[in-house]
Every structure is written in structure tokens, then in C-alpha cells.
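Throughout, read-outs are computed from the coordinates displayed, never taken from laboratory work. Because the structure is a prediction, the values reported are computed rather than measured. Here the Cβ is made from the backbone with ideal geometry for all residues, glycine too, and neighbour counts use every protein chain on show.
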Amino acid sequence: MSGASARIVQVGGPVLRAETDGVFRSNEAVEVGHQRLIGEVLRLDGNQIVVQVFEETAGLKPGDPVTGTGRPLSVRLGPGLLGGIFDGLLRPLTGSDESFIEPGFTIAAAGRVPFTPVVETGDELTEGQAFGKVVREGRPDLLCMVPPGISGKVESIASAGDVDETETVCKLAEEDGTSHELSCSQVWPVRDPRPARRRLPASGPLITGQRIMDTLFPVARGGRAALPGGFGTGKTILQQSVAKWCDADIIIYVGCGERGNEMAEVLREFPELEDPRTGRPLSERSVIIANTSNMPVAAREASIYTGVTVAEYFRDMGFDVAMLADSTSRWAEALREISGRLGELPAEAGYPAYLGSRKAEFYERAGRTEALSGAVGSVTLIGAVSPPGGDFSEPVTLYTQRNVRCFWPLDRERARARFYPAIHPLQAYSEDADELGQWWREQGYPEWDGHRRRLLELLGEQVQLERMARIVGKDTLPAPQQLALLNAELANEAFLRQSAMSDVDAFCTPERQIAMMRTLMRFIDRSHSALEGGMTVAGIAGLPLLRRVRRMGEEIGNDEVERFEKLQADIDAALASSGVVESGTESKSETEAGQETAT
Amino acid sequence: MSILAQDRTRAEIRLEDAALSLDGPLLVLKREIECGLHDAVEVLDDNGQSRLGRVVALRPDAIVVDIHASGRDLPISGLRARFHGAPLNFGVGPGLLGRILDGTGAPIDGGPPLAVVEERSVNGAPINPVARDLPVDFIETGVTAIDLLNALVRGQKLPLFSGGGMPHDRLAIRIAEHARLLGERDEAFALVFAGIGVSHTTAALFRNAIEESGALERTVMFLNLADESSAQRLLAPRYALTAAEYLAFTEGLHVLVVMTDMTSYCEALREVSAGHGEIPARKGYPGYMYSDLASLFERAGRIRGCSGSLTQLPILTMPGDDITHPIPDLTGYITEGQIVLDRGLHRKGIEPPIAVLPSLSRLVDQGIGEGFTDVDHPALSAQLYAAYARTRQVRLLASVVGEEGLSEGDRAYLEFGDAFEQRLIAQDAPRSLAESLEIGWDVLRALPAGDLTRLSDEQLARHHVKSTETGDG
Ligand SMILES: Nc1ncnc2c1ncn2[C@@H]1O[C@H](COP(=O)(O)OP(=O)(O)OP(=O)(O)O)[C@@H](O)[C@H]1O
Ligand SMILES: [Mg+2]
């Protein structure tokens, strides 16, 4: 049925109408005009079709042809994706020498990949099973899989060697004689989730390397999280940090309607960044999808689906995949713009009424699954949200919040004080946290649940106490409350603050997070005993040791975790007055602290 | 490298007596000829006066033209339309420098017509992210609150968020003058000024300042004055940026584009959108305002293999001084930071009245520090921010419990805050970065070393000498 044709009768912005006597289907991908721009059928209306065009439509004329492709908007998924940068429709941006993007640019020739067969003629294969592998030095081993919905007996299989991604390497014959020609890559419609055998419960956290996320508001592998925040509050830096350091096997980074320079930054940094676990460049296990804010709006909407489709493809090979989308608000705005052009009745803030269901469908594509082949993998979705005016009660933030399990809102006040990450610890939450305690226990940290809860309580108390202090003055608060204020400030400075620009602290291993949390808790415990033992709050606040605790993230690196034990011992010593019931210990602890720090 | 070349020949087609209706700026014509979407159109009235527009929609029987110049005082009969057969183009060439043009690139300085080397679409084309080179070259502006705390780099887009009656023009002039002086290769510098809906006074102010600094021959001015058509406001920055792209990426110059006032631009966009009967998003502004602004701001940058750069310094006045208003809000989401001017500081006589907490330069981390400016520059900046943010809290507390109610530790912050504003932010002459750094270290001395946790022991030892108490060093 491919190749139905139509003629444009009306065009304005990214939406056009065309007249046809052929058969088009809804959501069919089409080629528009003489430049063969990519479009998608949105509506069928008598003998007319309504098409959204993913590229600049300037120059299109009534009478120009629209040709059907016979299949829904699809992308080619193959081993060559790793390490590449693509536009919202998965066309490589590296192919051309042009500095500027002109509409209708051609797709670069498919790359060659080293193929190794893993089946023999006569083997029976079912959907999702691998018939070959692509093994490249240092890169994850990739599978060449039978596409969903296909099975049969291997009729022929190529021998090991370099092949084109689109070249037939395996032929399958079904019982009834139908035969299928398979290549290392496969084509999949972006708006359809790739099927899996079943969904699995969460099994552990995605370690992001960001303390406030991992320790306080963790996200499970296969989880979904949102990062809303006004402009300049740190969404992109956090997404990039997670992309750089998280322990997923594959990273999909989608720049959706954001800055060109940020994509250039990612492109420059990823090849230089070593995976802390394998020592290989991050670019070898990442896929970058870039549709910057000055690229066509409709492709912005598609880029989110393209990204998650690529993520599912790697998930089906048994990988843990993390997809970062910056920013999902631009996707919603693209929906709004197209909807407006279609003359649809708007719901809230001009957004179409189906915004909520689209968001829900998208986030449903996250999860941990057993693939058709039986391989277990996951897709974790982390989406930035850019609410107008930084107001979290707007529709996109609200619909997103309803569909995610981790909510990491960024606070403008924190960001302005350059306190990063600016995640607001009292507004953030994680519904995954309860299931993840087990993982931390397995890491030898049974106190995780307790510590986490205590820290959250302390931060909650801080707000109340600060409010009181503003009325009655800090000095009139009872001593234990003054101490709580000091400790809360310490928790923020020493533990939650983590600069993405720091050489030492940009990323924090779980071991180091545990050590830092224990150090903090040690200080809190000992300071309360010291207070009971007669030390004053001013005395505690004046301890030179505090500076070392506040700076521990900057001073003690991931590979010297044992130094935290020394710090804890120094805390014990400095606050040792706790054991001594007699008074007059204050000056002693001060001198002690001075001596220790001098060493 | 080929850029944006529009080779479609300029087919001029006349369409007489074909107007069906005229509604505000929207002219609907019978579809008697073939033309492409977004093609440029010149509409000639019965007096032969021409107005520029473009095709915004093509219907089975009609062509919808958006007239960029005013649709006022147009008859519907006797109209003629001249179709260019291509999107709006601007003929650019090296002769641009030294000229003063109107919002659609026509000379208004009495000089000869522009010598055209190349015709380019005024809308430009998106720079391929792969072709972008990261902006890293620090520009010394001479303004401490920028150089020290929110550094500007070549290829960045950094707007000034201001308000009515504040000295944003003066600040922009200061930056433009100084940024020029620092360039090692002075001759590689150019200034493009786009006045969008500016008053005659503002236009004269900029012109005189540029003339005085002797940079007029390295400047192109595009002026859309306040009394000119609002729809033309949408074109002025596009013409200016087309010229700037040519100067930066073809001539290899370091181009600084000053665009003022982006608020007038956005208001014109709203007016035109309302004229089209579109459903607005927030405060009447169209839902595509983000994309529209991005199509201007994203034209800043550097391109691999080109020696030039395009830096943007847009100026906008925040309606009601409200930073959450859609204009500053959407701008902030696109630009690489913002420099915010504050009325409170202005009232206190602090010039330039830069509010550093809401200000931000996102490329700062790439342009400062070891190998760029000073090793300790990033840490100093972080420490100043942390201390000034604390000052704000202390001031709040002091306003309730009184200064006497503060602890001694807190009182030090009041002293620091005053020094920070009066000695670091306020300045009457440009400062070198070295001078700015020195002042930065100096104002920090109001605080005890133990509080300065953003600085390492070594940094304290190097710079915090006056203080006796050095924590645990
Ligand atoms: N974790 C962090 N560590 C250090 N600096 C940070 C961190 N997060 C943000 N910043 C600083 O804040 C600036 C703005 O952050 P970012 O670009 O991530 O904001 P954003 O929320 O993505 O804004 P927008 O919505 O406009 O894209 C950065 O350029 C950086 O200087
Ligand atoms: Mg961002």
C-alpha cells in the first residue's frame, strides 16, 4: 500500500492539508514536497489528509506532492547508534559538512559494523532472540535480534565479518514458507512501545552519583523521575551529571528544544569522560538526540518518542538504560502549537486536552522488563520540566508529577545562593525509596532507612525553627533547638551540597555517600551528647573541626573513603565532653580539636 | 562552507485587483499565481507606496499575506502585489560596517545603497550543534559584577534584564566600548546594534556614544524607531542578525550584537499574533514565543573552522519589574544566563545596579579559572555568592529583631554586604579583572576565615592574609 500520493491544497506553518484519491492511514509517515520533507498524517478528512511536517515548510506550495511511505513514523534501530548524535527523527547530524541545517537534508549512508553470528542454519528462532552479535573493543556487546512478531527457522546466516547495517545477514523461514530477511538493524514505529514478555518489579537503585538523589530521594532502575525548575536552577547540569556518572549501561540524552551550545558541550565532554567503572569513554555507550530550540517544532515532539524507542531497543538486549530528556516542557509546547494549528479546543493554558494522556503513555514506557528473548533490562526515564515563571502548579508540571515516582523540584532561592544541586529537600520525594533500603543493606549500610528519615526530619525542623528564630531571635531559642539549627545547616553544607564543577565531588560513589552520611550523623549524635554534657552551642559552633566537616565533600575523594574514619574519630574527640559529666570541658575539647587539625 | 545561500531567482509577479479582504495586517489575495509559503511579498498601494510582507498561509483559493509594515491606510482595490519567489532576503557585504539602516536594512544615513556580496534569508538557518564550537574566550567588560561573578564569553547570549528608568543603556554602552578595547586584534571587532521600537533619544544616545568611542566605522546600526510600524519590529533583529552572521562567520569578525528593547519585540509579536486570531498562551503572548525568541537568540555562537564569533547582549525591560513575566521568563529559558538590574540598588545609588543573586552566566565555568583567568577565580566567585546570599538572610533577620539582636557572627555579614555593594558592585570607572579580583578578596576580609568554606586552606592562606584567624590551616 506504500506510495499513495496526494497534492497540497493548503499550507500554513508546520501543518498542511492535501487532497488524495489514494489510501493513507492515520499516523502514516509521508514525504512532503520536492525536498521530501518528513511528515506524519494527523487526520483523515474525506479525500483530504492533514499532515504535520517535521522540517521547515518555507517554500512549500499548493500542488506540491505528498507521498505515503506505507508505515507509521519509524526509526532504524541498529548497533551504529552508539556514540552518535542525531536529530529528532534519528537522522545523523554528523553526516554533513554544512554548519547550518537545511531542510530535507539527506541521511548519511549506514555505517559498517563487525558482525558475528550466534546461530546456525536450521536453528529455530523466536521473536526477540539474537542471531548475531556486534562486538567492538571496549564497547558493550550488542545483539542483532529477530524483530518482534517474527520467528522461524534459520535458512542462511552470514559468516563473521564487517557488514552494512541494512544488509541482510540472516534469513528466516516460517512453517508456511514465508521468509524474512533480517539485518543487524530493524525499523520500529516510534509511537509504539516495544513489546516485552513481562514487567518486573524494581530490583535496585539507579545510582546517580548525586548524594541528594541517591541517599534521600533515590530512583529505581526502570523508574521515572521529574526534575522541574525555573530557568537557571540547574536542570541541565543535573541531567548531564546523571548522564555522566550514573551506573546505567547505556545513556540516551535527548536535548529537546534547548540550547545548541549545551549539545555542543555534551558532544565535547562525552568522548573525554571516562566511565568510572570501565575506564572507557562515555560516548561509546551513549546516544545523543538533539533538537535544539531553533530547529523545527514538530520534530521536537517526535524526539521524545525517538529517544524512548532507542532506549527500549537497548533494554531488549538486556541493558539498563537511562534516558534523560531536557526539557519535556518543550515537547508539551510543541503539542500545544500543533494542536492550535489544527484548531483544536484548548484545555488548560492552551494545552490540548490529551496532554495528560500523552504524558502518561510516555512515562509508562519506563520500567524493568524481561524482553521477548528473556533478557532482563530496564529503561529509567528522567525528564526535566521547565514551568513558566517557575510555578509548579502549571499543567505540564502537574501532569508530569502524576506520572512519575520521583519528584526532584529545584528551588530558585537555593539556586540563587549558588547552592547546588538546588533540589528542595522538603518538596522532593521518592516513592521508590521504600523498596530500595534492601539494596543499601546489602552494601553494608543497614542504617540507611533510619539515617535518611532523621536527615529529612532535621531539615523539616529547620524550617520551623528558622521561622521561630525570626520572631523571637535565634539566641532565645532553647539550646537543643539552636543546636538543631546548626546541625541542619551542617547537613546542607556538608552533605547535600555537591558541585558538578568540582574535580573531587562531581560524582559520589555509594561507599563515599555512606561514609559521609555516617560522619554527619556522628557529628549530630556527638554534638547532642556534648550539649547534655555541658558544652555550649556557641562552643560547638566555634569548633575549628566544623570547617573540615563542612568541606569534607571537597577534601576527601572517592578513592580515599578511609579518611572519613579519621574525621569521625576527630569528631568523637572534639565532642568527647559528652562522656565527661563535669563542666569545664569546653576549652579542653577546643584545644583537642585544634591539635587534631594541626596534624 | 556554504551558508544560507538563497539562489532562487527573484520572480516578480504582479497581482492587480486581487485583494479579497484586509483585516489588520492580514491581506487575503485571490490565488491567481503560484507562490511558496513564507515567500516575501511587496504590497503596493494606489500611490505606488510599497510595504513588505510575507506569505503566511496558502489556501485552495487564497494567499494570506502578513504585511510587516502597517496595514493602515491601505485601499483594497487598486492594490498590487509583487512576489519575490523566495523568503525575505537581505543583501549583505563588507560595506555594512559604518552604516545606519532602518529595520528592514534600507540605508537611512544618506549614504549610497549597500554593495551586495550575498543575498541571505533573514530568518537564517539553525546552526548544526555538531558544527558549534564551545564559547570559552573570556571577554573583559570592565564591570566587576560581570567579570568577577558572571563572566561573559565570546559566542554567548547574555541579556540584561532591566526595568523602565534604569541605566541599562549606559551599561550596554560601557560593555560594548570596553569589550572592544580588550580585543587583542582590535580590527577583528564589530558592533551590530538593533534598535527595536526605540525612541529617537535612545537611538541618538547609542549613536553618539559609539561615535565618541570612535567605533562608528566598525558598527552597523539597524533602527526601528518607536513611531514606526510595530510589525516591522519583528524584522529589525532578523536583519541585524543576518548582518551579524555574515560579519562573524564569513568575514571572521568578533561581533557583539546589542538588541534593545526585546520587550518591544515581544509586544509586537503579541500584536501580530492577536491580529491572526491565534489562541494565546500566557498574558496574551503567543504559545510559539519561546520558539520565536529562540530563532533569534540561538543565532549566537561560534562555529568550528570560523575565526569569528557572534555574541549577543539583548536588553529587555521587565514589565512591572516582574522576572516571572513571560518576556523575561522565556528569554531566561533560552539565553545563557542573565544580568539583572535592581531598582533597590539603583535607588541606593549603586551603579551599575546589578543584582548578583538572580544574575547568572551559564558559560562562566567554561571561561574562567586556570588557563582562562585566575586559578582561584571560580572559588572566589562561589564564596562571594555564598556570603552575599547569607547576607540577605541576615538582613531579613535584622529587619525583624534589630541589629542588636544579631549575633556577632551575623553582624559581620551586614558589614560584608555593605562593602560588597558599595565597593565591589558600585564602580565609576572600568576595572581590569585583576582589580576586580583584588576587590573581591578584600571585601571577604570582613568575614572570619572559619566561615569561608567555599575556599580551600591553600586559597585562604594565599589571599585571606589580613585575617589572623585562618581556621585550621
Ligand atoms: N549541580 C551544579 N553544580 C554546580 N553548578 C551548577 C549546578 N547546577 C547548576 N549550576 C550552575 O547553574 C547554571 C544554570 O544551570 P542549568 O543550565 O542546568 O539550568 P537549567 O535549569 O537547565 O536552566 P534552563 O531551564 O534555562 O535550561 C549552570 O550554568 C551552572 O553555572
Ligand atoms: Mg537547561
What is the Cα convex hull volume of the protein assembly as shown when expressed per residue in Å³? 167 Å³
If you restrict to DSSP beta bridges whose two residues both lie in chain B, what percentage is antiparallel, to the nearest 5? 60 percent
For segment B:377-463, the convex hull over Cα atoms projects on average to an area in nm² of 5.8 nm²
Heads up, chain A by the C-alpha gyration tensor (a ≥ b ≥ c square roots of eigenvalues; a/c under 1.5 rounded, else a/b over b/c prolate, else oblate) looks prolate
On full extension of the chain, what length is gained from residue B:347 through residue B:375, given 0.36 nm per residue of separation minus the C-alpha to C-alpha distance? 6.5 nm
With +1 assigned to the C-beta of every Lys and Arg and -1 to the C-beta of every Asp and Glu, and no other charges, what is the dipole magnitude of chain B about the Cα centre in debye, to the nearest 20? 800 debye
Segment A:5-72: projected area of the alpha-carbon convex hull, averaged over directions, in nm²: 3.6 nm²
Acute angle (nearest 10 degrees) that the helix A:563-574 long axis makes with the longest principal axis of chain A, alpha-carbon atoms: 30 degrees
Rounded, prolate or oblate for segment A:123-215? Axes are the square roots of the Cα gyration tensor eigenvalues, ordered a ≥ b ≥ c, and the cut-off for rounded is a/c under 1.5. prolate
Rounded to the nearest 10 degrees, the helix A:297-315 long axis (Cα) sits at an angle to the longest Cα principal axis of chain A of 80 degrees
If the only charges are +1 at each Lys and Arg Cβ and -1 at each Asp and Glu Cβ, what is the size of the charge dipole of the protein assembly as shown around the Cα centre, to the nearest 20 debye? 1300 debye
How far is it, in nm, from the label point at residue A:427 to the one at residue A:121 when both lie 7 Å from their Cα along the line to the Cβ? 6.6 nm
Within 10 Å, count the other beta carbons around each residue, average over each peptide in B:388-396, B:132-140, and list them highest first. B:132-140, B:388-396
Taking the alpha-carbon centre of each part, the distance from segment A:232-301 to segment B:54-118 in Å is 40 Å
Cα-Cα pairs above 16 Å in segment B:181-300: how many percent? 63 percent
Among B:242, B:21, A:117, which residue has its Cα positioned farthest towards the positive end of the charge dipole of the protein assembly as shown, with +1 placed on the Cβ of Lys and Arg, -1 on the Cβ of Asp and Glu, and the dipole taken about the Cα centre? B:21
Measuring from centroid to centroid over Cα atoms, what is the spacing of segment B:369-401 and segment A:456-520 in Å? 19 Å
May I ask you to derive the FRET efficiency for residue B:23 and residue A:71 from their Cβ-Cβ distance with R0 = 41 Å, giving the value to the nearest 0.05? 0.45
Which shape class applies to segment B:83-154: rounded if a/c is under 1.5, otherwise prolate when a/b exceeds b/c and oblate if not, where a ≥ b ≥ c are the square roots of the Cα gyration tensor eigenvalues? oblate
Relative pair counts by distance (%), Cα atoms of segment B:105-255, 10 Å bins: 9, 37, 39, 14, 1
Cα-based Rg of segment A:448-598 per 2.2 N^0.38 Å, rounded to two decimals? 1.05
Percent antiparallel among DSSP beta bridges confined to the protein assembly as shown, rounded to 5, stands at 65 percent
For residue A:36 and residue A:463, FRET efficiency with R0 = 60 Å and r from the beta-carbon atoms, rounded to 0.05? 0.55
Under a plain spin-label model, where a point goes 7 Å from the Cα along Cα-to-Cβ, how far apart in nm are residue B:399 and residue A:447? 4.1 nm
Spin-label proximity, residue B:365 to segment A:215-236 - amide N less than 18 Å from point 7 Å beyond Cα toward beta carbon: A:227-236
Between residue A:19 and residue B:456, what is the label-point separation in nm under the 7 Å Cα-to-beta-carbon projection? 7.4 nm
Cβ-Cβ FRET estimate between residue A:413 and residue B:322, R0 fixed at 22 Å, reported to 0.05: 0.80
In chain B, if the dipole is taken from +1 on Lys/Arg beta carbons and -1 on Asp/Glu beta carbons about the Cα centre, which of B:252, B:316, B:265 is farthest to the positive end? B:265
What does the structure give for B:356-362 when I average, per residue, the other chain Cβ atoms found within 10 Å of the residue Cβ? 4
Calculate how steeply helix A:510-532 sits against the longest principal axis of the alpha-carbon atoms of chain A, using the helix alpha-carbon long axis, and give the answer as 0 to 90 degrees to the nearest 10. 30 degrees
If each DSSP helix of 4+ residues adds -39,500 (n - 2.57) and the sum is divided by the residues in chain B, what number results at 222 nm, nearest 500 deg cm²/dmol? -9000 deg cm²/dmol
Expressed as a whole number, the average count of other chain Cβ atoms within 10 Å around the Cβ atoms of A:288-295 is 6
Those residues of segment A:376-415 whose amide nitrogen sits under 16 Å from the label point placed on residue A:347, 7 Å along Cα→Cβ: A:393-404
What is the mean number of Cβ atoms from other protein chains located within 10 Å of the Cβ atom of each residue in peptide A:56-66, rounded to a whole number? 5
